[in-house]
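Below you'll find the structure, written out as structure tokens, and then a few comments.
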Amino acid sequence: MKKKPFRKLFFGLLILLLVAAGYLFWPEPPPPEPIIGKLQMKLPAETPPDTFRVGDYRILWPCREDGGTFLRIIHRNEPDHTVWASIPGESFINAARGRETVSGSRGHYTIRDKREQVYDRQSVGTPQQRDSLLLIPGRLYGEGDSLNYALRFSPTPEGHLRFEIQVPSHSANRVYFSGASRQAERFFGFGEQFSYFDLKGRRVPVFISEQGIGRGVQPLTWGADLTAGAGGDWYTSYACVPHYLTSDRRSLVLENYEYAVFDLRREERVQIEVFSSWASGRMIYASTPLGAIESYTRFAGRMRPLPDWLLRGAVIGLQGGTERVREIRKQLEEHQVPVAAFWLQDWVGQRTTSFGKQLWWNWELDRERYPGWPELRRELDSAGIKILTYINPFLVPVEAKDNHRRNLFQEAQARGFLVRNGQGEPYLIRNTDFSAGLLDLTQPDARAWIRAIIREELIGNGASGWMADFGEALPPDARLASREDAFRVHNRYAEDWASVNREAIDSQPDSLAGQLVFFSRSGYTRSPRYSTLFWLGDQLVSWDGQDGIKTAVTGLLSSGISGFSFNHSDIGGYTAITHPLKDYHRSQELFQRWAELAAFNVVFRTHEGNQPEANHQFYDDPATLAHFARCA
């Protein structure tokens, strides 16, 4: 009997060595290099540039520098400041025909691309202007082939310069837009970026996903990849955005939802790749960095002010039922902790899985877990404390849950409200050791149905808010009711999920709607238009800068650049791991330092984590409670 632990350890080490060998000897293929081509122009050296007025912007063509021709864009308020410019003598528009391979599951994706035809040389035709619209036609050349392109500029009501690039879809399905940069120019934004605040020198993919478990912390990432392909990488993010602001006060945002890559690896250039034959975006001028963010959010949308009650104290994340809430509330009162709300994510019932404590994704109150719910509501309300709950766009079969009253998965399946697979059946997406169906939010009736559930089951049961979890897991090969390509809709799903929640809030009387709040994990460009609050997702309960407490700081800063003005993290992190080789459990020290960080977040909220019993909690001892009271 005594040999069994050693046997487990031996096999664990063997598996670890095999995984490590795989990483060392079968590494991921490197990503494609940026496309660098020539600008094929024959112009006399003395040819002066023409100036085309497009709103408040001025487009200068052809400019000359160091014997090369380039395009330059300025703003009338600051003509010496370059809003955008191409690299002299090099093509600034390219195209390719490629074939992507998308692999992964559970919200984790790997995208590889094979370029079959590249159009790397560019010629520019005669610009054509009509009023404030400018068309620059031209031709792209590749090996044995060529195609036409069109570059259009137009002003926007927000004061931006809109650009569109179009190539024939039968010839190319990748568009590239290349601009000049300086070695010292720093690039910020791109939504929630957890590993680096400055992205210069890196290749930044924009495709929302689970952030991963470990994200480079070893051996944890190896193990998560081996068991579920869930390790993640430095760039994986729930809420990446195709937007940047640079230290040179230059800003750009794509309007596309398609998969895109911002290649900042070369010090002299930034190349944007869009998986489409059509790309559009905006260049943004402002006299200050803050002005650039303000201007950007006129397009992306701005978050509304939070209700006052949310800012009056801690939001206590708790599970366990009615009496558990009363027990912890008493401790909080004894230590004079200001409490804004109790967030009871297990209001739907709790299930134990291989990952820890998770929930029954069937959006109705579990009256056995929370008996006397109306009385609990009244008790908390009399003390000025709100109740928050939980929802996500998944549904699970609940035949194994004895006390369910509705089977929402069954209802949605019968009405055709779930995303489908290639065989026309509900696309069941694996999550730890169970599978779930995903709502098809391209279907208006499905949106109306889940809105009604939010109104009846969440708001109707007295919730003043909720976590609107997930939104990153639309499978790229799914079949949608709208007949749209799911790979192209994938990033938009985060906005669709946020908008459904916002519509449910806005359907309430004004006096109530302004007091309701939901917090989102997933996001894309326009998510701040809909979401009332964000949180940074599932950090590891660790100190590191790959998946731990340090990533919360970086994520808050980078997302703020992209308009996520109200954001916060789980105090202490979320993901705990219990493993013979190495445990990741929340310590008292980590919890307290994270609480000090969270004191400067817009919302101060706890989470027990996926393994509450393994993590240090604020209620574990008087010293932590006293410290928690000071931070709250």
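The values are calculated or read from the model by the stated rules, or taken from the named source; none is laboratory data. Here the structure is a predicted model, which is why all the values come from computation and not from measurement. Reconstructed Cβ throughout: ideal geometry from the backbone, glycine too, with neighbour counts over all protein chains shown.
Against the numbered list (1) of a type outside the set (S, T, N, Q); (2) within 24 Å of Val253 (Cα to Cα); (3) touching a residue at least 12 places away in the same chain (Cβ under 8 Å), Gly125 comes up short only at (2). Quick one: would you say His568 is of a type outside the set (A, V, I, L, M, F, W, C), farther than 29 Å from Arg302 by Cβ and touching a residue at least 24 places away in the same chain (Cβ under 8 Å)? Against the criterion (of a type outside the set (A, V, I, L, M, F, W, C), farther than 29 Å from Arg302 by Cβ and touching a residue at least 24 places away in the same chain (Cβ under 8 Å)), His568 does not qualify.
Listed here are the residues, each with its yes/no results for (1) outside any strand (DSSP E or B); (2) in contact with a Lys or Arg (Cβ under 6 Å, 6 or more places away or on another chain); (3) at pLDDT below 95; (4) within 22 Å of Glu255 (Cα to Cα).
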position: Glu164; (1), (2), (3), (4): no, yes, no, yes
position: Pro168; (1), (2), (3), (4): yes, no, no, yes
position: Gly179; (1), (2), (3), (4): no, no, no, yes
position: Glu185; (1), (2), (3), (4): yes, no, no, no
position: Phe194; (1), (2), (3), (4): yes, no, no, no
position: Lys200; (1), (2), (3), (4): yes, yes, no, yes
position: Val204; (1), (2), (3), (4): no, no, no, yes
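The condition of being hydrophobic (A, V, I, L, M, F, W, C), over 20 Å from Val553 (Cα atoms) and touching a helix residue (DSSP H, G or I) at 6+ places or on another chain (Cβ under 8 Å) holds for only one of Val175, Val206, that being Val206. Write out, first by first residue and then by second, each pair whose Cβ atoms fall under 7 Å of each other, whose residues are 6+ apart or on separate chains, and whose first residue, in the range 385-401, is not assigned by TED's automatic domain parsing to the domain that holds Asp440 while the second is surrounded by fewer than 24 Cβ atoms within 10 Å (Cβ to Cβ). Cβ pairs passing all conditions: none.
Looking only at residues in the range 454-474 that are more than 25 Å from the chain's Cα centre (by Cα) and more than 14 Å from Arg377 (Cα to Cα), the one that is surrounded by the most Cβ atoms within 10 Å (Cβ to Cβ) is Glu457.
For the range 423-462, name all the residues that are of a type in the set (D, E, K, R) and out of contact with any strand residue (DSSP E or B) (no Cβ under 7 Å at 6 or more places or on another chain). Across the range 423-462, the qualifying residues are Glu425, Asp445, Arg447, Arg451, Arg455, Glu456, Glu457. Could you tell me which residue of the range 316-357 is farthest from Val396 (Cα to Cα), considering only residues that are surrounded by fewer than 20 Cβ atoms within 10 Å (Cβ to Cβ) and in contact with a Gly (Cβ under 8 Å, 6 or more places away or on another chain)? By that ranking, first place goes to Pro338. Of all the listed residues (Gln129, Gln122), the sole one being in a strand (DSSP E or B), within 17 Å of Leu43 (Cβ to Cβ) and in contact with a Leu (Cβ under 9 Å, 6 or more places away or on another chain) is Gln122. Among the residues of this structure, Ile387 counts as one that is within 22 Å of Gly317 (Cα to Cα), among the β-branched types (Val, Ile, Thr) and touching a strand residue (DSSP E or B) at 6+ places or on another chain (Cβ under 8 Å). You will find that of Ser295, Ser354, the residue that is among the hydroxyl-bearing types (Ser, Thr, Tyr) and closer than 25 Å to Thr575 by Cβ is Ser354 and no other.
A quick yes/no check of all residues on (1) on the phi > 0 side of the Ramachandran plot; (2) crowded, with 24+ Cβ neighbours inside 10 Å; (3) not in a helix (DSSP H, G or I):
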site: Ser542; (1), (2), (3): no, yes, yes
site: Gly545; (1), (2), (3): no, no, yes
site: Lys550; (1), (2), (3): no, no, no
site: Val553; (1), (2), (3): no, no, no
site: Leu556; (1), (2), (3): no, no, no
site: Ser559; (1), (2), (3): no, yes, no
site: Phe564; (1), (2), (3): no, yes, yes
site: Pro580; (1), (2), (3): no, no, yes
site: Leu590; (1), (2), (3): no, no, no
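Could you say whether any residue in the range 573-592 is at pLDDT 95 or above, small (Gly, Ala, Ser) and farther than 14 Å from Leu540 by Cβ? No, the range 573-592 contains no residue that is at pLDDT 95 or above, small (Gly, Ala, Ser) and farther than 14 Å from Leu540 by Cβ. How many residues are touching a Phe, Trp or Tyr at 6+ places or on another chain (Cβ under 6 Å) and among the basic types (Lys, Arg) if we restrict to the range 116-147? So the count comes out to 1. Here is a check on your reading of the model: is Gly189 of a type in the set (Gly, Ala, Ser) and assigned to a strand (DSSP E or B)? Against the criterion (of a type in the set (Gly, Ala, Ser) and assigned to a strand (DSSP E or B)), Gly189 qualifies.
Here is a yes/no grid of residues against (1) β-branched (Val, Ile, Thr); (2) under 21 Å from Arg502 (Cβ atoms); (3) modelled with pLDDT under 95:
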| position | (1), (2), (3) |
| --- | --- |
| Gly422 | no, no, no |
| Pro426 | no, no, no |
| Asp433 | no, no, yes |
| Leu438 | no, yes, no |
| Gln443 | no, yes, no |
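Can we say Gly349 is at positive phi and of a type in the set (Gly, Ala, Ser)? Here the answer is yes, as Gly349 does meet what is asked. Quick one: is Gly216 closer than 30 Å to Ala599 by Cβ, in a loop (DSSP other than H, G, I, E, B) and out of contact with any strand residue (DSSP E or B) (no Cβ under 9 Å at 6 or more places or on another chain)? Considered against the rule, which asks whether it is closer than 30 Å to Ala599 by Cβ, in a loop (DSSP other than H, G, I, E, B) and out of contact with any strand residue (DSSP E or B) (no Cβ under 9 Å at 6 or more places or on another chain), Gly216 comes out as yes.
The single condition among (1) of a type in the set (A, V, I, L, M); (2) under 22 Å from Thr389 (Cα atoms); (3) touching a residue at least 24 places away in the same chain (Cβ under 8 Å) that Ala513 does not meet is (3).
Criterion first (part of a strand (DSSP E or B), surrounded by fewer than 20 Cβ atoms within 10 Å (Cβ to Cβ) and not hydrophobic (A, V, I, L, M, F, W, C)) does Glu158 satisfy it? When the stated conditions are applied, Glu158 does not pass them.
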